[in-house]
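I have placed the structure first, in the form of structure tokens, so that the comments after it can refer back to it.
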Amino acid sequence: MKQTAKALGLTLALATSTAAAADEIKVGVIAPFSGPFAQYGIQYQQAIEVYQAQHGTRAGEYEISFIYKDVGGVNPDQSRSLAQELLIRDRVDYLAGFTFTPNALAVGPVITQSETPTVIFNAATSAINAESPFYLRTSYTLWQVAAPLAEWAHDQGIRSVITTVSDYGPGIDAEKAFQEAFGARGGTVVDAVRMPLSTTDFTPFLQRVKDQAPDAVFTFLPGGPPTFTYTKTYNENGLKEAGVTFLGTAETEETNLQGLGDMALGLTTAYHYSAAHPSDLNRAFLAKLAELHPEAVANWASVGAYDGVHLIYEMVRAAGSDGPAAVEAARSMAWESPRGPVQMDPETRTIVQNVYIREVTRNPDSGLLENTETGVIATVGDLGWAK
């Protein structure tokens, strides 16, 4: 009865609130702007500003504005409360952001009831979009990058792997995707290690890997401090020298990459974006970002938000504030992104895109480390949707 009352309250509040100006569309962005993951909220906002600087603040007849809310970190209750606040008090027409899977999942019932298109800039568990028809995702899923990496690794002659992942939804998705694809090619997963999300010392886990001497170790951790610490520990504990190849996703992401130093050279990841992507559109994106925010560093968070704003603009052009019509229009959209060609999958509502095999190299001109694209697996969708 309490849940019914809450639902009715939200419906009545939305139905009776004073409508926003006819030519204004508000977008609420829920992301971490404080704490250890604050960088990603900041990157979302920077990318939004870049997009609006390049394309203006209007989509068709509508003026687009953004309202930012700080969720801090993994906090599903706060995420849900902020979504309700944005919908009821701020009267937003769209929601966006969502770095972490639990935070994204928490707003599912709210956006379904209010029929609010919600664009996920990062959260990468495949199951999210099945929880509401109003989720759309412009980032990626762990199945989308981990399964192609497993197949590529086997093609390179790697036959035994240990998987090491953070023990929560995305990590488990990454583990399952890699194991299934690697096993299907005939590879052997020697061990599967799940590390507590709160882990700050990865030495025991990587020593366990080193002791078993596989051809490679595959890892996934949440972006930010954990990826930096894990990668640093891999290097400092001699796994590379022991012949254990590093296979990852975002573990060499750009905001941490320079801090890893020369030990990062040669590390291999599979991901949907590199700031070193060689295209005119990416160079224009990076140039405008540098102009507006000279100290900014572009990575997956930046491009997820940039393309998320593009999707919102196109939905607004097609349907204004009509949520169901906006989602329907989004299903068939395709465009050129700073990451390369992308399109929405009409069934999963997750972006279909290239997955790039990347190797850390040092740029001979700038002297900086970068994720150089050495291969591409084209037009990959969410391989975990039907799992």
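Things to note:
- Translational D in µm²/s for the range 82-126 (Stokes-Einstein at 25 °C, 0.890 mPa s, Kirkwood Rh from C-alpha pairs): 231
- Take the Cα of residue 281, step 7 Å toward its Cβ, do the same at residue 347, and the gap between the two points is 2.5 nm.
- Spherically averaged projected area of the convex hull of Cα atoms, the range 314-359: 3.8 nm².
- Placing dummy labels 7 Å off each Cα toward the beta-carbon, the span from residue 194 to residue 378 is 3.8 nm.
- Each principal axis of the range 16-88 carries a Cα extent, and these read 38, 36, 11 Å when sorted largest first.
- Over every Cα atom in the range 71-197, the radius of gyration and the widest Cα-Cα span, Dmax, amount to 17.4, 57 Å.
- Of all DSSP-defined beta bridges confined to the chain, some 35% are antiparallel rather than parallel.
- Radius 9 Å from Cβ of residue 23, net charge of other residues (Lys, Arg +1; Asp, Glu -1): -2
- If you take all other residues with their beta carbon under 9 Å from the beta carbon of residue 185, and give Lys and Arg +1 and Asp and Glu -1, the sum is -2.
- Using the Cα coordinates of the range 175-216, the gyration tensor eigenvalues translate into equivalent-ellipsoid semi-axes of 22, 14, 6 Å, sorted from longest to shortest.
- Once the Cα-Cα distance is subtracted from the 0.36 nm per residue extended length, the residue 65 to residue 115 segment shows a gain of 16.1 nm.
- Cross-link pairs exceeding 20 Å between alpha carbons, from the set 210/240; 176/232; 26/288: 176/232; 26/288.
- When 154, 55 are arranged by Cβ crowding within 10 Å, least crowded first, meaning fewest neighbours, the order is 55, 154.
- At full extension, residue 38 and residue 362 could sit 113.9 nm farther apart than now, given 0.36 nm per residue minus the alpha carbon distance.
- Each semi-axis of the equivalent ellipsoid for the range 202-315 is √(5λ) with λ an eigenvalue of the Cα gyration tensor; in descending order they amount to 32, 14, 12 Å.
- Loop-located GluC sites (Glu not before Pro) in the range 246-351 (DSSP state other than H, G, I, E, B) with a sparse environment of at most 11 neighbouring Cβ atoms within 10 Å: 295.
- Between 0 and 90°, nearest 10: helix 38-55 axis offset from the chain longest Cα axis: 60
- Ranked 349, 317, criterion: other C-beta atoms within 10 Å, fewest first: 317, 349
- The chain: angle of helix 225-236 to the longest principal axis, Cα-based, in degrees nearest 10: 10
- Calculated P(r) of the range 237-387 - Cα pairs past 28 Å, %: 29
- Förster-model FRET efficiency, 56 Å R0, residue 185 and residue 325, C-beta, rounded to 0.05: 0.85
- Within the range 317-361: backbone nitrogen closer than 16 Å to the residue 54 label point (7 Å, Cα to C-beta): 334-343
- Taking the fewest neighbouring Cβ atoms within 10 Å as the starting point, the ordered list for 333, 344, 315 is 333, 344, 315.
- For residue 155 and residue 288, the difference between the fully extended length at 0.36 nm per residue and the C-alpha to C-alpha distance is 44.0 nm.
- Electrostatic bookkeeping for residue 322 treats Lys and Arg as +1 and Asp and Glu as -1; over the other residues with beta carbon under 11 Å from its beta carbon, the sum is -3.
- Overall, the chain carries a charge dipole of about 640 debye about its Cα centre when +1 sits on the Cβ of Lys and Arg and -1 on the Cβ of Asp and Glu, all other atoms neutral.
- Against the main long axis of the alpha-carbon atoms of the chain, helix 203-212 sits at an angle near 50°.
Values in this text are rule-based calculations from the coordinates and carry no lab data. Everything quoted here is computed from the prediction, not taken from an experiment. Cβ sites come from the backbone with ideal geometry, for glycine too, and all protein chains shown count toward neighbours.
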